[in-house]
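J.: Before anything else, here's the structure in question.
What follows is calculated from the coordinates using simple rules that are stated; it is not laboratory data. The structure presented is a predicted model; accordingly, all values stated were derived computationally and were not measured. Every residue, glycine as well, gets a Cβ built from its backbone with ideal geometry; the counts of neighbours run over all protein chains shown.
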Amino acid sequence: MEEPSAGSLETKDRILQYIQSHPGSHLRQIRRDLNISMGVVQYHLYALEKERKILSRRSSLYKRFYPTLTFSEHQQEVLDVLSQETERDLLIYLLHNPNATQKELSEYAQISPGTINWHMKRLISSTLIRARREGQFVRYKVNGETEEILKLVRGYHPSTLVSWADRFANAINEVSPDMSTKRKEKPRIEDSKEEDKK
């Protein structure tokens, strides 16, 4: 039986390390980020799964990979969502704004209500979000432990929280006067004293 080359083992280790730090990644993402040919990635993913070092889970159009014995099924569902930018943004928005309506989500994400409705159906089917009708409105809320979700975001998608905070700050700036302008308009104490002397 032919022994695997050192280069082959190195590539395999790189793929395993990538999956360990990017749980829920899919084939094309691994190929793109590691700059390895599709065939080589497929070969090593098959070998790693056979050795039970990783496991795979099909989510929508993608087959996603996880380190073995690291995440529960629920955590894998959360990571599936966190791997998709729009649904990740909506989930984090709902963590900070429980009971938001479809209109509020649409305004935040800047996408049509119909598209929001499609994403929310997917999130509800994953059991991460629950919907409640209130009069003419449907309100959405995160289902389950919010701290567990935030822990996974901090651990594997930390830049998302920074991005979300920036977007929130920008939204506040759009509806609030610029504080720096206020400070410029406020007379200085020294100026007031000079006026008194006159």
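J.: Taking amide H positions as placed 1.01 Å from N in the peptide plane, with prolines and chain starts having none, which residues 5 or more places from Phe71, or on another chain, fall under 5 Å of its amide H?
T.: none
J.: Let me spell out the model: positive unit charges on the Cβ of Lys and Arg, negative unit charges on the Cβ of Asp and Glu, origin at the Cα centre of region 6-69. What dipole size does that give, in debye rounded to 20? It would help to have the intermediate numbers written out before the result.
T.: Values: 12 positive and 5 negative charges, 59 e Å.
I would put it at about 280 debye.
J.: What's the ranking of 132-138, 83-89 by average number of surrounding C-beta atoms within 10 Å, highest first? Walk me through the numbers before you get to the answer.
T.: Values: 132-138: 9.4, 83-89: 17.4.
Per-residue mean Cβ counts within 10 Å order the peptides as 83-89, 132-138.
J.: How much length would be gained if the chain were fully extended between Lys53 and Arg14, taking 0.36 nm per residue of separation minus their Cα-Cα distance, in nm to one decimal?
T.: Values: separation 39, 0.36 × 39 = 14.04 nm, distance 1.30 nm.
Stretched fully, the Lys53-Arg14 segment lengthens by 12.7 nm.
J.: Still on this structure: Hey, what do the phi angles of region 37-45 turn into as Karplus ³J(HN,Hα) couplings, whole Hz, using 6.51/-1.76/1.60 and θ = phi - 60°, x for Gly and Pro?
T.: 4, 4, x, 5, 4, 4, 4, 6, 5
J.: Over region 35-168, consider all pairs of different Cα atoms and compute the Kirkwood hydrodynamic radius from their mean reciprocal separation; express it in Å, one decimal. Before the final figure, lay out the partial values.
T.: Numbers: mean 1/r = 0.0614 Å⁻¹.
One over the average 1/r among Cα pairs gives 16.3 Å for region 35-168.
J.: Extension gain Ser60-Met38, at 0.36 nm per residue separation less the Cα-Cα distance, in nm? Don't skip to the answer; put the middle values down first.
T.: Numbers: separation 22, 0.36 × 22 = 7.92 nm, distance 2.03 nm.
Extending this stretch completely gives an extra 5.9 nm.
J.: Across 10 Å bins from the origin, how do the percents of Cα pairs in region 6-69 run, short distances first?
T.: 23, 63, 13, 1
J.: What ³J(HN,Hα) values, in whole Hz, does the Karplus curve 6.51 cos²θ - 1.76 cosθ + 1.60 give for region 85-96 when θ = phi - 60°, with x put for Gly and Pro?
T.: 4, 5, 5, 4, 4, 5, 4, 5, 4, 6, 4, 8
J.: Multiplying the sequence separation of Asn97 and Ser21 by 0.36 nm and subtracting their Cα-Cα distance, what value in nm do you get?
T.: 24.5 nm
J.: Oh, and also: Given points 7 Å out from each Cα along the Cα-Cβ axis, report the Leu69 to Gln136 separation in nanometres with one decimal.
T.: Distance between the two pseudo-spin positions: 5.7 nm.
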